[in-house]
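Presented below is the structure to which this report refers.
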Amino acid sequence: MSTPYSDNKNIRTFKVDIIQDSDLVWHADKENRNISILEGEGWRFQRDNELPMVLSKGDKLKIPEGQIHRILKGTSDLVIKIEK
């Protein structure tokens, strides 16, 4: 299965013109992650049993190991920095 993003070390890019809504599935990571939003317009982040929140450049998220979550497609490429 291919991934809906490209990775360059700890920088991940979601290309708005390539990614499909069906690529952005609910999932849980096997480790804690700290996410920084570097670029992107209109993207949203949703934790299980919560309403989606709009992501903006400069936002920081903490995602605990095992927490179910997903992102929802925006209007420009999303670029994030991931620290494990």
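For the reader, a short list of remarks on this structure follows.
- Structural size metrics of the range 15-63, computed from C-alpha coordinates, are Rg and Dmax of 11.6, 29 Å.
- Among 74, 42, 66: highest mean-square fluctuation, GNM of the chain, C-alpha pairs under 10 Å: 66
- For the chain: accessible area per residue (Å², 1.4 Å): 68
- Segment residue 28..residue 72, full-extension length gain: 14.3 nm, with 0.36 nm per residue of separation and the alpha-carbon distance subtracted.
- On the range 1-48, 45 percent of the accessible area sits on carbon and sulfur atoms, based on a 1.4 Å probe.
- Under 12 Å, Cβ to Cβ, from residue 68 - net charge with Lys/Arg +1 and Asp/Glu -1: -2
The values are calculated or read from the model by the stated rules, or taken from the named source; none is laboratory data. Note that this is a predicted model, so its numbers are computed, not measured. Note that each Cβ is placed from the backbone with ideal geometry, even for glycine, and that neighbours are counted across all protein chains shown. Accessible surface is based on the protein model in full, side chains and every heavy atom, while ligands, DNA and RNA are left aside. Shrake-Rupley method; radii C 1.70, N 1.55, O 1.52, S 1.80 Å.
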